[in-house]
1. When region 87-96 is examined, which residues are found to be touching a helix residue (DSSP H, G or I) at 6+ places or on another chain (Cβ under 8 Å) and within 15 Å of Lys74 (Cβ to Cβ)?
2. Does Gln63 fit the bill of being exposed (fewer than 15 other Cβ atoms within 10 Å of the Cβ) and touching a Gly at 6+ places or on another chain (Cβ under 8 Å)?
3. Return the only residue of Glu100, Glu92 being outside any helix (DSSP H, G or I), of a type in the set (Asp, Glu) and at pLDDT 95 or above.
4. Can you tell me which residue within region 103-123, out of those that are buried (at least 16 other Cβ atoms within 10 Å of the Cβ) and within 18 Å of Ile59 (Cα to Cα), is modelled with the lowest pLDDT?
Amino acid sequence: MIHSVELRGQKNQKIKEGNWPDLKTVLIFNFQKQNGQIHYSIRFLSLNKKLEFDSKNFILFLQPINELENLREKLQTFLKSEHKQFRFEPAEPNFELILEKDDFDGFKLYCWIDNGNADFAHYTWDSIGLRLYIEKNDLQDFINNIPEFNL
């Protein structure tokens, strides 16, 4: 069974004439447990800009640390903390997730994907990235929807 978890970009500013258009940009993680590991892929969609990206099949580990549970706990701690920045990169560094708090109760989200690691078994640093503005409630929904996988 595949579990999809989304982070949607939000309008981040007001302008004199009105609001920015809804950009309909989304970052999607698809998780599935297989053979004692968590397989996942990442998808970027920006419908208004006609951008789309699908990653390779990546792996998160359940041992010695459950990396998905670790991500959930660290995000929850960051959300409640006074820290201005959060970074997460799994043991198999196929992606890096960075969040920065802004002054308006929102977050700048950066996600970098290194597909070369999936293709060549080494890190090629030829990443593709996405930058979104997300709101606190969207981040909390993302945290709440991260699936729980155990051994």
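1. Result: Phe88, Pro90, Ala91.
2. yes
3. Glu100
4. Ala118
The values are calculated or read from the model by the stated rules, or taken from the named source; none is laboratory data. What you are looking at is a predicted structure, and each value in this text was computed from that prediction instead of being measured. Here the Cβ is made from the backbone with ideal geometry for all residues, glycine too, and neighbour counts use every protein chain on show.
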